[in-house]
Amino acid sequence: MGIYKSSEGKRKIMDFYNEAMKSWPVSYEEFIIETSYGKIYAVSSGKKDAPMLFLIHGSASNSASWIGEAEKLSENFRIIAVDVPGEPGKSTEKRLNMNSDESGLWFREVVNYFNAEKFFLLGYSQGGWYALKYSVLFPQSLNGLILMAPGGVSPAPFSFIFKAVIYSFLGEKGTEKINKMVYGKKDPGEEVKKYTEIIMNNFSPRRDKVYIFSDYELGKLSMPVLTITGENDMLCDTKKTVKRLRKNLRFYENCLLKNTGHLITGISETVSDFLLKKSSGCGNSQMTV
């Protein structure tokens with residue numbers, strides 16, 4: 001079975017994706033990149049001579065998830081948002097083996113396409129996992145790394161996994177309950193809710209056991225690293241994640257967002273300040289070093 005539940009379901013997702021991208025707040029270019037792992041789709045905004053910042057979205061999502069951050073980030077960077085293979089975007093539907101290096105090598109081919117020798121990288125949730133995988137393989141190519149509620153540092157809390165399994169048998173009501181656990185106290189807005197519903201009703205997310213990076217692998221991250229985490233995140237164990245990274249990284253900061261779950265938005269100023277080596281820009285939240 002493919003990643004979509006039906007051809008009609010795929011069409012619904014793509015139609016909404018195309019419609020959503022009309023709201024991308026600045027002009028952008030589209031790219032189809034031929035790689036050894038299949039076609040990869042990317043969108044880019046910002047001045048071409050600005051520092052490059054690659055963006056990797058989370059699970060069951062695509063590059064439209066960066067619409068709210070694109071304008072601000074484009075002021076200082078050439079942002080390049082990439083659709084992850086095997087997710088409901090415009091890249092290949094082939095899913096990569098997350099227990100092998102191919103889960104980082106595909107992104108290396110994207111980087112090479114843009115002739116990016118040194119750049120910044122931002123990954124969210126499962127996208128944070130892919131960002132970590134690439135960073136472990138090619139740490140010398142990064143000027144800075146930002147991970148938003150990343151996977152791969154600590155296992156997902158058992159309480160979330162247990163509830164998600166139970167709710168998965170409850171159809172649309174179960175999907176709604178899972179989404180509420182993800183959103184936390186934040187209201188993502190009606191458009192996001194609608195798109196999430198369309199994706200979850202027509203797409204089959206990955207259910208692989210998430211690979212947890214070793215202390216040795218994390219120790220390879222020689223670049224400055226910032227995590228942005230929610231204090232009420234039910235998917236990412238914030239305390240364990242921060243503790244492990246603080247133990248293993250040389251240049252590390254965490255921005256802890258209060259009253260926030262796994263849904264993290266409005267981070268463009270924090271990201272820009274960190275990457276441009278200004279004040280950490282964590283707003284009214286807690287910054288730990």
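What follows is calculated from the coordinates using simple rules that are stated; it is not laboratory data. The model shown is predicted, which means the values in this text are computed figures rather than measured ones. Counting neighbours? That spans all protein chains shown, and the Cβs are built from the backbone with ideal geometry, glycine included.
Brief remarks on what is shown
- Whichever aspartates and glutamates have a C-alpha closer than 13 Å to that of residue 258, once near sequence neighbours (fewer than 8 apart) are set aside: 231, 233
- Here residue 48 and residue 15 are evaluated by their C-beta separation; at R0 = 35 Å the FRET efficiency comes out at 0.70.
- The chain, relative contact order in percent, only Cα pairs under 8 angstrom and at least six apart counted: 18
- Taking a ≥ b ≥ c as the square roots of the Cα gyration tensor eigenvalues, the chain comes out rounded, since a/c falls below 1.5.
- Anisotropy class of region 1-54 from Cα gyration tensor, a/c 1.5 cut: oblate
- Extension gain (nm, one decimal) between residue 5 and residue 269, 0.36 nm per residue minus Cα-Cα: 91.2 nm
- Only one residue of 225, 13, 144 has its Cα farthest out toward the positive end of the dipole of the chain, where Lys and Arg carry +1 and Asp and Glu -1 on Cβ, and that residue is 225.
- Listed residues 46, 123, 266, most fluctuating in the chain (Gaussian network, C-alpha, under 10 Å): 266
- Note on region 1-119: Cα-Cα pairs beyond 20 Å make up 42% of the total pair count.
- Over all pairs of different C-alpha atoms, region 60-103 has a mean inverse distance whose reciprocal, the Kirkwood radius, equals 12.0 Å.
- Applying 0.36 nm per residue to the separation of residue 108 and residue 31 and subtracting their alpha-carbon distance, the gain on full extension is 26.2 nm.
- Cα-centred dipole magnitude for region 53-94, charges only on beta-carbon of K, R (+1) and D, E (-1), debye, nearest 20: 100
- Counted by Cβ distance under 14 Å from residue 31, the other residues give a net charge of -1, where Lys and Arg count +1 and Asp and Glu count -1.
- Subset of 47/133; 5/240; 240/277 violating a 30 Å alpha-carbon distance limit: 5/240
- One chain, two ends: residue 258 and residue 215. Fully extended at 0.36 nm per residue, the span grows by 12.7 nm beyond their Cα-Cα distance.
- Reachable aspartates and glutamates from residue 247, criterion Cα separation under 19 angstrom, eight or more residues apart if same chain: 215, 217, 237
- Dipole in debye (nearest 20) - region 63-152, about Cα centre, beta carbon charges: Lys, Arg +1; Asp, Glu -1: 80
- Given R0 = 35 Å, the distance between the Cβ atoms of residue 193 and residue 93 translates into a calculated FRET efficiency of 0.90.
- Local electrostatic count, residue 40, Cβ distance below 10 Å [Lys/Arg +1, Asp/Glu -1]: -1
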